[in-house]
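Below is one structure; the comments refer to it alone.
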Amino acid sequence: MRLKTVIGLMLILALIMPVIPLKAQSLEESLQKMLGDNAKGYVQPLVTGFGAGMNSGLYRKASTKTGTLPLPIGLDVGLVVNMVAVPEAAMMFEYSMMENTITFPLSTMPGLSMIPADLQPEDITLTFNDIYDNGGVTETPTIASDQEEGVLLSTRTPNEVYMALRTRLVEDQGMSGTDVDTYLQPSIMNFLNGNLSTIAPDFQFPGGLGLEFVPTAGLQANVRIPFEIEVQARYVPEFEISEELGMFSMYGAGLRKNLPVPVLDVSVGAFYQVLKVGDILEATNINYHAELGKRLPIPFIKITPYIGAGYDQTTINLTYTIPAGTVPGIDEDQELSFDLEGENTFRMNAGLTLQVLPLTFINAEVALVGDYQVATVGLGIMFK
């Protein structure tokens with residue numbers, strides 16, 4: 001079997017294993033039930049998880065030095081697999097009932113010609129909070145949760161919706177409550193009794209997709225050149241992780257420099273990456289980091305431990321379309337595109353690179369990024 005095929009299979013396996021439990025519903029289908037703020041809350045664990053994983057396993061050792069013979073160049077190339085555990089606190093988010101709205105076409109009610117002109121209502125827009133009863137449940141699953149159903153919003157009674165419309169007629173259209181009750185209540189109640197279930201049917205937020213672990217994997221090359229500089233590159237060709245998440249691709253590049261510190265190896269660097277999931281999600285990420293370590297003086301085997309600290313900046317762009325009729329109040333296809341920031345900022349990590357066989361390495365690393373824990377495994381070839 002060719003090396004390219006083997007590497008491809010390893011990448012696919014590394015990315016697919018954590019998403020096997022995903023529900024049949026896709027990420028896009030879930031987002032199509034949410035506007036901006038609620039969509040952000042839903043995917044936040046994915047955003048933070050991608051950021052935490054992408055910034056792990058960037059280096060195999062603290063040193064960027066290389067020997068001069070036979071060439072003044074050092075190189076390691078290998079597969080990096082990251083697994084990010086989503087914390088329990090990120091399984092639910094507090095949704096907004098004020099974000100979604102529904103317009104009630106009161107101006108089209110029959111019989112308005114019999115009412116004085118100054119009391120003929122204009123159309124009124126109410127929020128979900130005016131229209132729906134959430135049963136006191138204020139949180140709904142994020143993408144990471146294994147709950148199959150989100151919060152069910154039940155339509156309030158016609159009388160309750162009438163009171164919300166009455167408030168808007170008084171506060172927004174300058175009518176008196178007495179005039180509304182006297183002249184408009186019969187028409188509005190007839191309208192609601194005949195149309196409320198169509199205008200504002202029961203609505204349920206999507207359940208989670210069971211993404212309790214966020215995976216990333218990639219091919220990475222670190223090239224150490226003269227002046228104690230290391231050039232880095234990471235790449236994943238486009239392929240399908242699963243039907244739920246869609247196509248996945250990633251690329252990135254970075255630079256590290258050794259610092260003149262005695263006894264220990266100390267380096268600083270930065271790494272920039274772009275990750276794409278289907279046509280709906282694109283993540284850009286930059287990480288600044290510093291690390292220190294030292295090869296242990298053990299004969300016949302190379303063991304190089306290190307510790308590091310870093311700062312992540314992750315931004316994800318979501319682009320998707322809410323089809324007409326998917327969400328009450330949206331009667332035409334609505335395209336949404338917005339950015340959101342990952343909650344991954346400061347990170348601490350520790351790792352170990354083991355070289356038992358000539359020109360090979362195995363790397364293991366753990367990191368703590370806020371409440372997110374990251375495990376990283378790398379393997380490949382290493383020359384100086």
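Here are the numbers for this structure:
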quantity	calculated
Subset of the range 46-97 that is hydroxyl-bearing (S, T, Y) and under 30 Å from R156 (Cβ atoms) - its residue that is surrounded by the most Cβ atoms within 10 Å (Cβ to Cβ)	Y95
Residue in the range 276-287 that is in a strand (DSSP E or B), touching a residue at least 24 places away in the same chain (Cβ under 8 Å), open to solvent by 40 Å² or more (accessible area, probe 1.4 Å) and among the small types (G, A, S) present	no
Residue within the range 196-208 that is open to solvent by 70 Å² or more (accessible area, probe 1.4 Å), under 30 Å from D130 (Cα atoms) and of a type in the set (V, I, T) present	yes
Answer residue from the range 161-170, given it is free of Cβ contacts under 8 Å to residues at least 24 places away in the same chain and surrounded by fewer than 18 Cβ atoms within 10 Å (Cβ to Cβ) and is nearest to D202 (Cα to Cα) among those	M163
Scope the range 135-154; condition open to solvent by 40 Å² or more (accessible area, probe 1.4 Å) and either without any contact (Cβ under 8 Å) to a residue 40 or more places away in the chain or β-branched (V, I, T) (or both); matching residues	G135, G136, V137, T138
The range 329-345 - residue that is open to solvent by 70 Å² or more (accessible area, probe 1.4 Å) and part of a loop (DSSP other than H, G, I, E, B) and, of those, nearest to V214 (Cα to Cα)	E343
Set I303, I229: member being closer than 24 Å to Q355 by Cβ, of a type in the set (V, I, T) and surrounded by fewer than 16 Cβ atoms within 10 Å (Cβ to Cβ)	I303
Top-ranked residue of the range 291-320 - restricted to ones that are in a strand (DSSP E or B), over 17 Å from the mean Cα position of the chain (by Cα) and β-branched (V, I, T), ranked as farthest from E99 (Cα to Cα)	I303
Every pair of residues 6+ apart whose Cβ atoms lie under 6 Å, when the first sits in the range 196-217 and is under 18 Å from G49 (Cβ atoms) and acidic (D, E) while the second is open to solvent by 10 Å² or more (accessible area, probe 1.4 Å) and not in a strand (DSSP E or B)	E212/V86
Candidate set from the range 241-273 (those that are at pLDDT below 95 and open to solvent by less than 30 Å² (accessible area, probe 1.4 Å)); member that is nearest to A290 (Cα to Cα)	M250
Of all residues making up the range 357-371, the number that are hydrophobic (A, V, I, L, M, F, W, C), in contact with a strand residue (DSSP E or B) (Cβ under 8 Å, 6 or more places away or on another chain) and surrounded by fewer than 15 Cβ atoms within 10 Å (Cβ to Cβ)	3
Tally, over the range 336-384, of residues that are polar (S, T, N, Q) and free of Cβ contacts under 8 Å to residues at least 60 places away in the same chain	4
The one condition in (1) open to solvent by less than 50 Å² (accessible area, probe 1.4 Å); (2) part of a helix (DSSP H, G or I); (3) modelled with pLDDT under 95 that V180 fails to fulfil	(3)
Of all residues in the range 98-122 being in a loop (DSSP other than H, G, I, E, B) and either of a type in the set (G, A, S) or buried (at least 20 other Cβ atoms within 10 Å of the Cβ) (or both), the one that is modelled with the lowest pLDDT	G111
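Okay, residues lined up against (1) within 18 Å of T103 (Cα to Cα); (2) modelled with pLDDT under 95; (3) part of a helix (DSSP H, G or I); (4) touching a Gly at 6+ places or on another chain (Cβ under 9 Å):
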position: G150; (1), (2), (3), (4): no, no, no, yes
position: S154; (1), (2), (3), (4): yes, no, no, yes
position: N159; (1), (2), (3), (4): yes, no, yes, no
position: R168; (1), (2), (3), (4): yes, no, yes, no
position: E171; (1), (2), (3), (4): yes, no, yes, no
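The values are calculated or read from the model by the stated rules, or taken from the named source; none is laboratory data. Just so we're clear, the structure is a prediction, and the values are computed from it rather than from any experiment. All Cβ positions, glycine included, derive from the backbone under ideal geometry; neighbour counts span all protein chains shown. The accessibility values were calculated without ligands, DNA or RNA, using every heavy atom of the protein model including side chains. Shrake-Rupley method; radii C 1.70, N 1.55, O 1.52, S 1.80 Å.
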